[in-house]
Structure formats: C-alpha cells, structure tokens
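Report on the following structure.
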Amino acid sequence: LRRGDLRLVMCKTDNRLVYFSYVARALIGGKWEIPEVELAYSRSVTCESSAGRVYVEADGELLGTPPVEISVVPDALTILVP
C-alpha cells in the first residue's frame, strides 16, 4: 500500500523447497539470494506462455491462464482509519 507498483516474484523452478526458502527469508527479513527466485518491481506486467499447464495468480488469487495483463491503478483505493 505504500508503493505505487507491483512486486513480482518469479519462481524459475518447480522445487517446493526453493519456494519455502523464499517464504522463510521473507518472514525473518533475510537478505540472502535465492538463485531460482527473481524479484522485480513494475507498474504493469503482461504474462504470456507457450507451455502447457500454467496458471496466473495475483496476491493469492487465481486469475486464470495466460495471456493476462496486471497493472496498478493509482488512487483506486481509499482507506479510512479512525
């Protein structure tokens, strides 16, 4: 919510141990590199695939299958805090 962009987490392997290593690193605030996981930031991203079973997920929600475009809409959400 503090940034105006998307955080992209690209897992380049189907090894679940690598994914759990990334999650553990994020939970404890670690700074070590995980070669099979790449992080990037962008205001929009287009996902396409020529592979078989590929699913697209955004913020824990299944969006479907490629192609899909995901983008940030500035000031689209207003939060009221007492």
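Val45 satisfies every condition listed in (1) open to solvent by 100 Å² or more (accessible area, probe 1.4 Å); (2) assigned to a strand (DSSP E or B) except (1).
Taken together, the residues in the range 21-63 that are within 11 Å of the chain's Cα centre (by Cα) and among the hydrophobic types (A, V, I, L, M, F, W, C) amount to 6. The single condition from (1) at pLDDT 80 or above; (2) out of contact with any Leu (no Cβ under 6 Å at 6 or more places or on another chain); (3) closer than 22 Å to Pro74 by Cβ that Ala24 fails is (3). Scanning the range 13-42 for residues being surrounded by fewer than 11 Cβ atoms within 10 Å (Cβ to Cβ), in a loop (DSSP other than H, G, I, E, B) and not small (Gly, Ala, Ser) gives a total of 5. For the range 48-82, the candidate set comprises residues that are assigned to a loop (DSSP other than H, G, I, E, B) and at positive phi; within that set, the residue that is least open to solvent (accessible area, probe 1.4 Å) is Gly60.
The values are calculated or read from the model by the stated rules, or taken from the named source; none is laboratory data. For clarity, every value in this text was computed on a predicted model and none was experimentally measured. So basically every Cβ, Gly included, is an ideal-geometry build from the backbone, and we count neighbours across all protein chains shown. Protein only, heavy atoms only, side chains kept; ligands, DNA and RNA dropped before computing areas. Shrake-Rupley method; radii C 1.70, N 1.55, O 1.52, S 1.80 Å.
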